[in-house]
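**Q** Below you'll find the structure I mean.
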Amino acid sequence: MTDELGRAAATCLFPSFDGVSAPDWLRRWLGRGLGGVVLFGRNIKSPDQLLSLTRSLRSEHGDLLVATDEEGGDVTRLEARTGSSYPGNWALGVVDDITLTEEVAASIAGELAAVGINFDFAPVADVNSNPDNPVIGIRSFGSEPAVVSRHVAAFVSGLQRQGVAACAKHFPGHGDTSQDSHLELPVVDGDPAEALEPFRAAIAAGARSVMTAHVRVPALDDEQATLSPRILQELLREELGFAGVAITDALEMRAVSTTVGIEEGAVRALAAGADALCLGAEVDDGLVEATHGAIMEAVMSGPLAEGRLHEAAGRVAELAVWARKPSADAIRRELGAEVARRALEVRGDIRISGSPLVVELRPSASIAAGEAQHGLGDVLEASETVVLFGGEQAPVPASDGRPIVIVVRDAHRHEWERKAVERLLAAASEAVVVEVGLPVWRPERTPWIATQGSGRANLEAAAGALDERRL
């Protein structure tokens, strides 16, 4: 009985690891029945290496869910070093062609299937109703529930027709807040009805998984969603009729780890109705052992019902069987370029006459996206690129008659960016401002272009519009 319980508890765990090959401790846990593994950019060096890695993982446990966050646009793991070949959700929402959204999702699924990944933590189903949201923003399909809903459904359909499990996130909605659950416990005020619409659409489209949000929604419950039976059982299961895998967002995030702790959070999430526990990025054997032990102790001593644990493990195992043979036959990267071109928003004559000086003003990236390793200067054939981080006042080279291209991100949220733009424009004879985040603010009387995201596809589309030599 203890062995059976131990395997059930292991099935509910989804750790990550460091490096491009599986450590011995992870292999041991796979042998003990680990349900899934989460991959990050640090685990990926090349497609061949990644395929070898996923095959080695499955050599220890055949029916394994290998998961990652491949949203397209700003959040990519497969192309973390170069930027995504696909624009993100905001660009898809701007174009508003659900057939195209489904085909892009199918292509992303093909890319994942080709390297052995069968579980995508996408799409983001949050309605970005608060423009000051620091963690969702451009990752959302939009600020209107109807737009988000139809594109969430299309994205789910595209992923899953290729046999890659979709995961609508972050339930019951992380869009209407100005706080980041990676750093604190956000509060989502107001009526949650509109935020729930995209999740209803995802469930109707057959989404195999839903990811919980570490947010408190007072209109639903005083407890944060990940730990709330009212939200995970009564609302998600009974009212919305979801029968798939409910997986937590990373338990290492401060909304959980600094309030109840990872181990206690794992037990309470399972008891509330979660099935799979995403542990986070900073995981080792000790954390897996401690979390597994906490689950076992909770079953033995009573806080977690044995039947609830077996139910959760059963759902994870069922999903692994469903996702056993994903298909890589739908890869069409040209779709990414098409969406990115169609999503561009332009004001004024933005074509530049020569190799520009590119000045990138980069605020700190969200933990979800990670710091960018690419920029517009990489694809624009810039004569020089200067990157300024978080308000630093580093000297900017003189333009010396060159056009200057100023790249901003969510300038409406960062006063230092807006002031830097004013300073740079005052000294420039020819300038264009490029917004790669939410296109809320733009300078007056200055050519301006919004890319609707900072994926490589978005930046290449902007470069084509900016450089008249490419026309």
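**Q** Is it possible to state the helix-based mean residue ellipticity at 222 nm for the chain, with each DSSP H run of 4+ residues giving -39500 (n - 2.57), the sum divided by total residues, to the nearest 500 deg cm²/dmol? What is it?
**A** Result for the chain: -11000 deg cm²/dmol, rounded to the nearest 500.
**Q** Just the number, please: carbon plus sulfur as a percent of the accessible area of the chain, 1.4 Å probe, no ligands or DNA/RNA counted.
**A** 47 percent
**Q** At 25 °C and 0.890 mPa s, grab the translational diffusion coefficient of region 122-207 from Stokes-Einstein with a Kirkwood Rh over Cα pairs, rounded to a whole number in µm² per second.
**A** The calculation lands on 193 µm²/s.
**Q** Quick check: residue separation of D349 and D97 times 0.36 nm, minus the Cα distance between them. What number comes out in nm?
**A** Computed gain between D349 and D97 is 88.0 nm.
**Q** Oh, and also: Cβ neighbours within 10 Å, averaged per peptide: list 192-200, 410-418 in order, most packed at the top.
**A** 192-200, 410-418
**Q** Also: What number comes out for accessible area per residue over the chain if the probe is 1.4 Å? Units Å², please.
**A** Normalised by residue count, the accessible surface of the chain is 36 Å².
**Q** What distance in nm lies between label points placed 7 Å from Cα along the C-beta direction at E297 and S178?
**A** Roughly 4.0 nm, to one decimal.
**Q** Let me ask something additional. Where in region 423-471 are there trypsin sites (Lys or Arg not before Pro) that are in a DSSP coil and have at most 14 other Cβ atoms within 10 angstrom of their Cβ?
**A** R445
**Q** Still on this model: Under the Karplus relation 6.51 cos²θ - 1.76 cosθ + 1.60, θ = phi - 60°, what is the ordered set of whole-Hz ³J(HN,Hα) values for region 16-33, x standing for Gly and Pro?
**A** Once θ is set to phi - 60°, the couplings for region 16-33 become 10, 7, 9, x, 9, 9, 6, x, 4, 4, 5, 4, 5, 5, 4, x, 8, x Hz.
**Q** Which value, in Å² and to the nearest 10, is the accessible area of D18 when all protein chains are kept and the probe is 1.4 Å?
**A** Counting only protein heavy atoms, D18 exposes about 110 Å² to solvent.
**Q** How many angstrom separate the Cα center of region 198-275 from the Cα center of region 323-357?
**A** 34 Å
**Q** Give the cross-link partners of K169 among the lysines, using a straight C-alpha distance below 25 Å as the criterion and excluding same-chain residues fewer than 8 apart.
**A** The reachable lysines, counting only those whose Cα sits under 25 Å from K169, are K325.
**Q** Hey, another quick one. Which order, highest average first, do 128-141, 44-57, 218-231 follow once you tally other Cβ atoms within 10 Å for each residue and take the mean per peptide?
**A** Highest-to-lowest ranking by the protection proxy: 128-141, 218-231, 44-57.
**Q** Hey, what does the equivalent ellipsoid look like for the chain, semi-axes from the Cα gyration tensor as sqrt of 5 times each eigenvalue, largest first, whole Å?
**A** Over the Cα atoms of the chain, the ellipsoid semi-axes are 40, 23, 20 Å.
The values are calculated or read from the model by the stated rules, or taken from the named source; none is laboratory data. A quick note: this is a predicted structure, and the numbers were derived from the prediction, not measured. Every residue, glycine among them, receives a Cβ derived from its backbone with ideal geometry; neighbour counts consider all protein chains shown. What goes into the accessible areas is simple: the full protein's heavy atoms, side chains included, and nothing from ligands, DNA or RNA. Shrake-Rupley method; radii C 1.70, N 1.55, O 1.52, S 1.80 Å.
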